[in-house]
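The structure under discussion appears below in the form of structure tokens.
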Amino acid sequence: MVRKLWSLVVAVLIAVSFAGSLLAEEIKGKITKVEGGGRKITVKAKDKEVTLGISGSRTTIEGVGDRSELKEGQNVAVDYSGDSAKKITVSKGK
């Protein structure tokens, strides 16, 4: 009985983590606005514009040291869910 319950718990956890990754979206574009010392950015792509919150503990940032180095005009690729950035990759060129 315990083994069946454990298998069910593991299956549910796998399903939940998979569903979370399906809900994530990506936008590639330029940062058009930085607010609150890098706590919120607006990214504009060809077909859409999104404003995303950045968490120091839940957002991974690549290409710069930290969120305080995010600047308007930088090219970025952002994985996000809802209104929260999960991963920001800053391109080297402007």
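The values are calculated or read from the model by the stated rules, or taken from the named source; none is laboratory data. This is a predicted model, so every value here is computed, not measured. Here Cβ is always computed from backbone atoms with ideal geometry, including for glycine, and neighbour counts include all displayed protein chains. All accessible areas refer to the heavy atoms of the entire protein, side chains included, with ligands and DNA or RNA removed. Shrake-Rupley method; radii C 1.70, N 1.55, O 1.52, S 1.80 Å.
Determine the shape class of the chain: with a ≥ b ≥ c the square roots of the Cα gyration tensor eigenvalues, call it rounded for a/c under 1.5, and otherwise prolate if a/b is greater than b/c, oblate otherwise. Verdict is prolate for the chain. The distance between label points at T89 and A24 comes to 1.1 nm (points 7 Å beyond Cα on the Cα→Cβ vector).
Taking every DSSP helix (H) stretch of at least 4 residues in the chain, weighting each as -39,500 (n - 2.57) and dividing the sum by the residue count yields a mean residue ellipticity at 222 nm of -8000 deg cm²/dmol. The candidates V43, V50, arranged from most to least accessible area with a 1.4 Å probe in the full protein assembly, appear as V50, V43.
Once amide H atoms are built 1.01 Å from N in the peptide plane, which residues 5 or more positions from K87, or in another chain, come under 5 Å H to H? The list, which skips near neighbours in sequence, is T60, D79. Between the amide H of G38 and any residue lying 5 or more places away or on another chain, no distance stays under 5 Å, with hydrogens modeled in the peptide plane. Using a cut-off of 14 Å between alpha-carbon atoms, which aspartates and glutamates can reach K46, once sequence neighbours fewer than 8 places away in the same chain are excluded? Cross-link targets: E26. Taking the C-alpha atoms only, the angle from helix 2-23 to the longest principal axis of the chain is near 20 degrees.
Rounded to the nearest 20, the size of the Cβ-charge dipole of the chain about its Cα centre is 100 debye, with Lys and Arg at +1 and Asp and Glu at -1.
Each Cα pair under 8 Å and six or more residues apart adds its sequence gap; the mean of these over the residue count of the chain is a relative contact order of 27 percent.
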